[in-house]
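Asks: Dumping the structure here so I can ask a few things about it.
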Amino acid sequence: QVQLVESGGGLVQVGGSLRLSCTASGSLSSINVMGWYRQAPGNQRELVARFTSGGNINYADSVKGRFTISRDNAKNTVYLQMNSLKPEDTAVYYCHLAQRVRVYWGQGTQVTVSS
């Protein structure tokens with residue numbers, strides 16, 4: 001079993017920054033996909049950024065150049081640095097981990113960008 005604990009959400013003004021953290025614990029594989037998704041009210045959950053099993057990084061087009069994903073393998077933690085935030089970034093952000101054909105989600109953290 002794997003547990004994902006997120007932190008770092010909150011309320012920020014347009015143009016501001018936030019950093020999200022997600023720490024994984026439990027039975028972790030060295031080969032996995034880990035990253036962030038988000039879901040705004042009335043919308044489907046969508047990919048924001050993730051590390052692939054091969055170590056590459058995928059970003060949603062809408063966040064390229066503004067968001068940066070990073071990881072600390074020693075701490076089993078993934079970060080999402082979000083800069084130049086826009087109102088359309090408002091959503092619940094979910095940490096995601098996929099390994100051994102199973103998918104795990106964090107509880108979600110709210111990010112609200114006010115104009």
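The values are calculated or read from the model by the stated rules, or taken from the named source; none is laboratory data. Just so it is clear, the model here is predicted, and its values are computed rather than measured. Counting neighbours? That spans all protein chains shown, and the Cβs are built from the backbone with ideal geometry, glycine included. Remember, those area values only see protein heavy atoms, side chains included, never the ligands or the DNA or RNA. Shrake-Rupley method; radii C 1.70, N 1.55, O 1.52, S 1.80 Å.
Asks: Hey, any idea what % of segment 21-106's accessible area is carbon plus sulfur with a 1.4 Å probe?
Replies: Details: 2040 of 4450 Å².
Carbon plus sulfur share of accessible area: 46 percent.
Asks: Something else: Give me the dipole magnitude in Debye, nearest 20, for the chain about the Cα centre, with unit charges on the beta carbon: positive for Lys and Arg, negative for Asp and Glu.
Replies: In total the dipole reaches around 200 debye.
Asks: Another question, if that's okay. Where does the longest stretch of the chain lie that holds no trypsin sites (Lys or Arg not before Pro) found in a DSSP loop with 12 or fewer other Cβ atoms within 10 Å?
Replies: 1-63
Asks: Taking the Kirkwood radius as the inverse of the mean 1/r across Cα pairs, report the Rg/Rh of the chain.
Replies: Ratio value, two decimals: 0.95.
Asks: Determine the order of TRP105, TRP36 by accessible area, beginning with the largest, at a probe radius of 1.4 Å.
Replies: Highest to lowest solvent-accessible surface, that is TRP105, TRP36.
Asks: To continue, here is another question. Given a cut-off of under 8 Å on Cα pairs at least six residues apart, what relative contact order in percent is computed for the chain? It would help to have the intermediate numbers written out before the result.
Replies: Working: 271 pairs, mean separation 42.0, N = 115.
With pairs under 8 Å counted, the relative contact order is 36 percent.
Asks: Taking the solvent-accessible surface of protein heavy atoms with a 1.4 Å probe, what is the per residue accessible area of the chain in Å²?
Replies: Result: 53 Å² per residue.
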